[in-house]
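One structure below.
The values are calculated or read from the model by the stated rules, or taken from the named source; none is laboratory data. Because the structure is a prediction, the values reported are computed rather than measured. Cβ atoms come from the backbone with ideal geometry, glycine included; neighbour counts cover every protein chain shown.
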Amino acid sequence: MSGSNLLVIFTGSIAAYKGCEVVSRLVQRGHRVRCVATPSALKFIGPATLEGLTGSPVLSDAFAPGSALEHIALTRWADAVLVCPATANTLNRFAAGLGDDLVGALFLAHDRAKPWLVAPAMNPAMWSHPATGAAVERLRGWGVRFINPASGRTACGETGEGRLAEPETIVGAVETALASPAKRRRVLVTAGGTAEPVDGVRVLTNTSTGATGALIATHLSRAGHDVVLLRAQNAIAADGPCREETFVTFAQLEAGLRRLLAAGPFDAVIHAAAVSDYRVDTVVLADGTALATSGKMASGEAPVLKLRANPRLVDQLRGWSRTPFTLVAFKLTHGAETGQAADAVKKLFAHSGADYVVHNDLAARHADGSFPADILQSDGSVAAHCTNRSALADELTRLVGEPTNRKSRIENPQSSHALDP
Ligand SMILES: Cc1cc2nc3c(=O)[nH]c(=O)nc-3n(C[C@H](O)[C@H](O)[C@H](O)COP(=O)(O)O)c2cc1C
């Protein structure tokens, strides 16, 4: 992967010193790096630092003598562009399509077939501001890849999401973005648990954190695949350059899956979400009346919940896509004997038409929540035995990258109901 031409753009964040570390690492890995810095960025670091690290002068002013048309030349020269750190101001300016400075002109003039990566760094309130959120969504829609900021204590002393990702994460994301497009797959990952409303404020849900799906999405996206993570609103986010959408209820997850698969095409779907088996049909109060779903049950009420089975989503996924894809389903058992587990997995293969089933058993989970898991094929053979989540994410990344004979929609799926994850 060494030896690419990289343009690194610095903007006016206190994290600019970490951007210098990123540039240093990229140079050490054999890349040719040129830097552009906004006037604000040059208040945090000096041009001599960047010139010393890269061996090339830093550009900042589109109209500086000798710099005319440099924005065109630089974008043609670069195999990839990295904005690191990226301020809220610059993200909003990109999203508005402003070209009245060198950085804005570079963004507008760049060849959109080449990767444009952004590593935001800002105060948590700036990152969670709707203006920034809307800009990020817009830029993602235009193919800009985000190296998500981390959570923790930011330089301004506040804690939350907004801290620049670690240099090794950023370098990894740049290098995976440079990976051969021929090997890049489009993958949809679901994660986290659905929540079914009981009344206007209460839900029936499960204990899924979405950690497994998030880690799979992280590994896939860092490996250069184009990943959409459809996760529960309260689930763990991915830490890689992937697009995220959220759901709360079963109905929202179903609608999201239908929409994304219809818009596809996806090469693989990894359905790790913990989907509710049942939704609340009626809440019958002690006096025999039914509670309005938008109401709030009085505390101390002893209601009877009438549940209705949800249809099994994993069985319908192929039917919602116009193109075939590799399907990975999940089966969680609890204290199952080998034969019982094999039967449960076999049933899941039969009704879902999955290419792979990831099986793990609740009884084998460690105290820290990690667990061993097997990736099984429909003939019962083990494609990979994984000792923990990270190994599972790596193995799935490897399998998704392999050429496959993907299946299309299956005939006559059975409709028996079981917990997917
Ligand atoms: C000490 C200091 C630290 C700052 N850190 C950040 C930051 O981390 N992220 C950010 O979005 N803005 C930050 N700002 C605000 C930006 O520097 C300001 O919005 C500036 O106009 C950005 O310009 P640029 O995007 O053209 O570089 C900081 C400002 C100061 C004075």
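Among the residues of segment 18-44, what is the count of those that are β-branched (Val, Ile, Thr), within 14 Å of the ligand (Cβ to nearest atom) and surrounded by fewer than 18 Cβ atoms within 10 Å (Cβ to Cβ)?
So the answer is 0.
Specify which of the listed residues (81, 58) is of a type outside the set (Lys, Arg), touching a strand residue (DSSP E or B) at 6+ places or on another chain (Cβ under 6 Å), over 23 Å from residue 179 (Cα atoms) and crowded, with 18+ Cβ neighbours inside 10 Å.
Selected residue: 58, the only one of 81, 58 that is of a type outside the set (Lys, Arg), touching a strand residue (DSSP E or B) at 6+ places or on another chain (Cβ under 6 Å), over 23 Å from residue 179 (Cα atoms) and crowded, with 18+ Cβ neighbours inside 10 Å.
What is the residue count in segment 95-110 for residues that are surrounded by 15 or more Cβ atoms within 10 Å (Cβ to Cβ) and assigned to a helix (DSSP H, G or I)?
8
In segment 120-158, how many are without any contact (Cβ under 8 Å) to a residue 60 or more places away in the chain and surrounded by 16 or more Cβ atoms within 10 Å (Cβ to Cβ)?
Residues in segment 120-158 being without any contact (Cβ under 8 Å) to a residue 60 or more places away in the chain and surrounded by 16 or more Cβ atoms within 10 Å (Cβ to Cβ): 13 in total.
Looking at segment 1-17, which of its residues are under 21 Å from residue 169 (Cβ atoms), within 16 Å of the ligand (Cβ to nearest atom) and not in a strand (DSSP E or B)?
Result: 11, 13, 14, 15, 16, 17.
Considering each of 347, 331 in turn, give the residue that is modelled with pLDDT of 90 or more, out of contact with any Gly (no Cβ under 9 Å at 6 or more places or on another chain) and outside any helix (DSSP H, G or I). Working first, answer last.
Working: 347 fails: outside any helix (DSSP H, G or I).
Unique residue meeting the criteria: 331.
Which of the residues belonging to segment 159-188 are assigned to a helix (DSSP H, G or I) and touching a residue at least 40 places away in the same chain (Cβ under 8 Å)? Show your work before the answer.
First, pick out the residues of segment 159-188 that are assigned to a helix (DSSP H, G or I): 167-177, 181-183.
Correct list: 167, 168, 169, 170, 171, 172, 173, 174, 175, 176, 177, 183.
Output the qualifying pairs, or none if there are none: Cβ atoms under 6 angstrom, residues six or more apart or on different chains, first residue in segment 360-386 and modelled with pLDDT under 90, second residue basic (Lys, Arg) and part of a loop (DSSP other than H, G, I, E, B).
Once the first residue is modelled with pLDDT under 90 and sits in segment 360-386, its partners that are basic (Lys, Arg) and part of a loop (DSSP other than H, G, I, E, B) give 371/365.
Taking segment 299-332, which residues are among the acidic types (Asp, Glu) and in the same structural domain as residue 262 (by TED's automatic domain parsing)?
315
I'd like to verify a number: residues in segment 187-227 that are buried (at least 20 other Cβ atoms within 10 Å of the Cβ) and more than 30 Å from residue 300 (Cβ to Cβ), how many?
Going through segment 187-227, the residues buried (at least 20 other Cβ atoms within 10 Å of the Cβ) turn out to be 187-196, 208, 210, 212-225, 227.
Then drop every residue that is not more than 30 Å from residue 300 (Cβ to Cβ), which leaves 187-192, 210, 212-225, 227.
Qualifying residue count for the region: 22.
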